[in-house]
Each structure stands twice: as structure tokens, then as C-alpha cells.
Amino acid sequence: MIVAQARLPVFYRDYAVADTVNGRFDLIVLHLALVLERLTVDGQLDPAGQAVFDRFCQDMDDNLREMGISDLKVPKEMKRMGQAFYGRSKAYLDALSDRRALVSALARNIYGGAPSAYEAAPRLADYVAAAAAALKGQDVAAIAAGDVHFPDPARVPVSGA
């Protein structure tokens, strides 16, 4: 469900996320961070959350190999991707309660800090806030079983700020 949500064309068409390997990776990381935050209890990832994260790592490893990355380079790429995941997820989660900080984190990470990023990032920040709120209202066991519901990004209004 995380990958399916991150691959919705609306993100690339209406939210101006680059439809590239990096752009898709960044949206997967964003959605994964939100789900894992919901599956964290008392500062610890519950077993289902750990299983989701492990599946993400295996999927990334499989994708690297499918893209033709050599067996010797896969561990280095996985380390790089892991660092990117932890850095980005921390930035997003730390900024959830501060819209300006969230816009900045999204502009820097999802949009690469380009000047146009600050035009696109506010709407994505609104979507992220809506997704975090939607996940809070969902049962942890249902999420762990793969029954996770994200808001429709096409229905998030374009804000002026």
C-alpha cells in the first residue's frame, strides 16, 4: 500500500515530484516514515513495524539488483539508501507539528531545494499533514495487516502558502 500510494500519478503530475528513481524513492520514504511512526509505541517500533521496514529493505535490495547494480555495490547502495531513509524520515517527523519546517524539509528532500520547490512543497506539506492525521485514526493491527488508508492526494486543496 505504501508503494502503491507513492506511485500515484497525481504526485508527479500535480505535485511536481520528479518522476525519476530518486523522486519515487523519496515518496516511498515519506509514506514509509508516516506508517512506521504510527507503528511506533513508546519510542519502539512494534514487531509489525519492524516487519514492514524489513520488507522495505528487501524490496530496495531487489530493485537495485533488477536495475543491474552489481553484487559488490549493492551493500554500499543499501547503506546510502538507509542513511537517506533515516535522515529524511527524522526531518519529516520532527517537522510534522511545524508546517514551515515541514515545507522546508520537503522542499529540500523531495524537490532538491530548487527555487520552484517552494511553490510545490506547501501542497505536499498539506497532504503529509492529512496523511499523518488519517493514519492516527487507523487501527495499528489493521495497518500491520496491510489495511492502510491514505488520503486521496488529488483532493488536497492547493493552498496559497
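The values are calculated or read from the model by the stated rules, or taken from the named source; none is laboratory data. Note that the structure is predicted; figures quoted are calculated from it, not measured. Backbone-built Cβ (ideal geometry, glycine too); neighbour counts: all protein chains shown. Side chains included, ligands, DNA and RNA excluded: accessible areas come from the protein's heavy atoms. Shrake-Rupley method; radii C 1.70, N 1.55, O 1.52, S 1.80 Å.
Taking 0.36 nm per residue of separation and subtracting the current Cα-Cα distance, fully stretching the chain between Glu66 and Asp139 would add 22.8 nm. Candidate cross-link partners of Lys136 among the lysines, defined by an alpha-carbon separation under 22 Å and a same-chain spacing of 8 or more, comprise Lys90.
When the residues Arg24, Arg123, Arg108, Arg13 are ordered by accessible surface, computed with a 1.4 Å probe over the protein chains alone, the sequence from largest down reads Arg13, Arg108, Arg24, Arg123.
Annotation: per residue accessible area for region 1-75 equals 54 Å², rounded to a whole number [probe 1.4 Å, protein chains only]. Among Pro122, Pro151, Pro75, the residue with the largest mean-square fluctuation in a Gaussian network model of the chain, with springs joining Cα atoms closer than 10 Å, is Pro75.
Ordering Gly113, Leu72, Ala133 by Cα displacement along the dipole of the chain toward the positive end leaves Gly113 in first place; charges were set at the Cβ atoms of Lys, Arg (+1) and Asp, Glu (-1).
Using the Cβ-Cβ distance between Ala48 and Lys90 with R0 = 25 Å, the FRET efficiency computed as 1/(1 + (r/R0)^6) comes to roughly 0.75. Among Asp59, Asp139, Asp71, which one shows the highest mean-square fluctuation when the chain is modelled as a Gaussian network with alpha-carbon springs under 10 Å? Result: Asp71 has the largest fluctuation of those listed.
Using alpha-carbon pairs under 8 Å, 6+ residues apart, how would you state the relative contact order of region 20-161 in percent?
Working: 102 pairs, mean separation 34.0, N = 142.
Once divided by the residue count of region 20-161, the mean separation gives 24 percent.
Two-decimal Rg/Rh of region 104-147 from alpha-carbon positions, Kirkwood Rh? Each step should come with its number before you reach the end.
Working: Rg = 14.0 Å, Rh = 11.8 Å.
Reported Rg/Rh (Cα atoms, Kirkwood Rh): 1.19.
The aspartates and glutamates within cross-link reach of Lys73, meaning a Cα-to-Cα straight distance under 19 Å and a gap of 8 or more places when in the same chain, are Asp59, Asp61, Asp62. Between Arg80 and Val10, the contour length at 0.36 nm per residue exceeds the alpha carbon distance by 22.4 nm.
Determine the per residue accessible area of region 99-150 with all protein chains present and a 1.4 angstrom probe, expressed in square angstrom. Let's see the in-between values first.
On the way: 2400 Å² over 52 residues.
I get 46 Å² per residue for region 99-150.
I'd like the carbon and sulfur percentage of the solvent accessible area for region 64-136, probe radius 1.4 Å, heavy atoms only, ligands and nucleic acids excluded. Display every interim value, and only then the final one.
Numbers: 2300 of 4170 Å².
Within region 64-136, the accessible surface is 55 percent carbon and sulfur.
Between Glu66, Glu77, Glu37, which gets the highest mean-square fluctuation from a Gaussian network model of the chain, Cα cutoff 10 Å? Greatest mean-square fluctuation among the candidates belongs to Glu66.
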